[in-house]
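Just below is one structure, and these are the notes that go with it.
None of the figures in this text is laboratory data; all of them are computed from the coordinates on show. Values in this document were obtained by computation on a predicted structure and should not be read as measured data. Every residue, glycine as well, gets a Cβ built from its backbone with ideal geometry; the counts of neighbours run over all protein chains shown.
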Amino acid sequence: MKRRLVVGNWKMHGTARDLAEARELTRLPANANRQVVICPPATLLHRMSRIFEGTGLSTGGQDCHSGESGAHTGDISAAMLLDAGASFAIVGHSERRSDHGETSANVQSKAQAACKAGLAAIVCVGETEEERDRNIELEVVGRQLLESVPENANGDNLAVAYEPVWAIGTGRTPSIDDIEAVHEFARKQLVERFGASVGNSIRLLYGGSVKPNNAEAISNSRDVDGCLVGGASLNATSFAAIAKAFG
Ligand code: 13P
């Protein structure tokens with residue numbers, strides 16, 4: 001059985017006092033069937049990684065640069081995330097795509113850089129509300145997947161997060177049927193591209209308004225191997241409840 005992956009994305013939230021939530025989360029009983037990760041702001045990454053040492057919990061960055069080093073003011077390389085204790089890097093989040101104009105080609109380079117540095121990349125894809133209204137979500141997700149996932153992807157160095165843009169921070173989620181339809185489509189594309197063994201081993205996460213009250217239903221959906229959680233990951237109690245629903 002594939003190990004479930006439950007990831008919290010703190011986005012631009014959190015200063016030192018919020019590390020209390022991370023400390024609280026260390027009380028979550030370890031479970032071999034699931035991996036629990038928090039991606040805090042870069043300023044907390046090292047401190048949170050220290051708190052998680054020896055607990056089975058992991059940390060990740062929210063983005064990384066595609067280069068190894070250089071004159072890129074304000075950017076962070078994958079090696080720097082690793083150095084700060086991270087095991088994962090989210091790349092291509094829709095907020096990066098919209099706030100910073102990141103293309104799928106940029107996202108692919110970032111994912112490649114993350115894998116090369118020894119991190120697992122979490123590549124985000126998802127349609128906008130307008131695209132969903134036009135019923136072109138599979139086409140949009142298919143294109144983003146094809147262009148964002150690097151050639152050397154496998155189940156250890158990469159996960160994919162399907163995050164419909166209209167479900168992020170809105171309290172709205174697709175129906176379970178709609179989540180399953182996109183995940184099934186993504187799975188098929190990964191299997192066609194990488195073969196059954198690798199394609200089936202890449203974990204598919206759902207993200208967008210995952211809360212303790214819908215986590216169980218999402219967890220039980222076909223082809224959902226985990227979740228990417230924004231708002232509900234800021235609080236240890238709600239994030240722990242979501243993690244428990246996944247394993
Ligand atoms: P919310 O869980 O707050 O909707 O955010 C989802 C998300 O963007 C996680 O990356």
When the residues of the stretch 147-178 are filtered to those that are in a helix (DSSP H, G or I) and touching a helix residue (DSSP H, G or I) at 6+ places or on another chain (Cβ under 7 Å), which remaining residue is nearest to Ser201 (Cα to Cα)? Ser148
Among residues of the stretch 56-115 being closer than 21 Å to His46 by Cα and among the acidic types (Asp, Glu), the residue farthest from the ligand (Cβ to nearest atom) is Glu68
Exactly one condition in (1) among the small types (Gly, Ala, Ser); (2) surrounded by 14 or more Cβ atoms within 10 Å (Cβ to Cβ); (3) away from the ligand (no atom under 16 Å from the Cβ) is false for Gly118; which is it? (2)
Report yes if some residue within the stretch 135-143 is under 18 Å from the mean Cα position of the chain (by Cα) and either free of Cβ contacts under 8 Å to residues at least 40 places away in the same chain or closer than 26 Å to Lys2 by Cα (or both); otherwise report no. yes
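Here's the yes/no breakdown for (1) within 22 Å of Ala120 (Cα to Cα); (2) within 10 Å of the ligand (Cβ to nearest atom); (3) of a type in the set (S, T, N, Q):
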| site | (1), (2), (3) |
| --- | --- |
| Arg187 | yes, no, no |
| Asn200 | yes, no, yes |
| Arg203 | yes, no, no |
| Gly207 | yes, yes, no |
| Asp223 | yes, no, no |
| Cys227 | yes, yes, no |
| Ser238 | no, no, yes |
| Ala241 | no, no, no |
| Gly247 | yes, no, no |
I'm told Leu45 meets every condition in (1) within 30 Å of Ser197 (Cα to Cα); (2) in contact with a strand residue (DSSP E or B) (Cβ under 8 Å, 6 or more places away or on another chain) except one. Can you identify the failing condition by its number? (1)
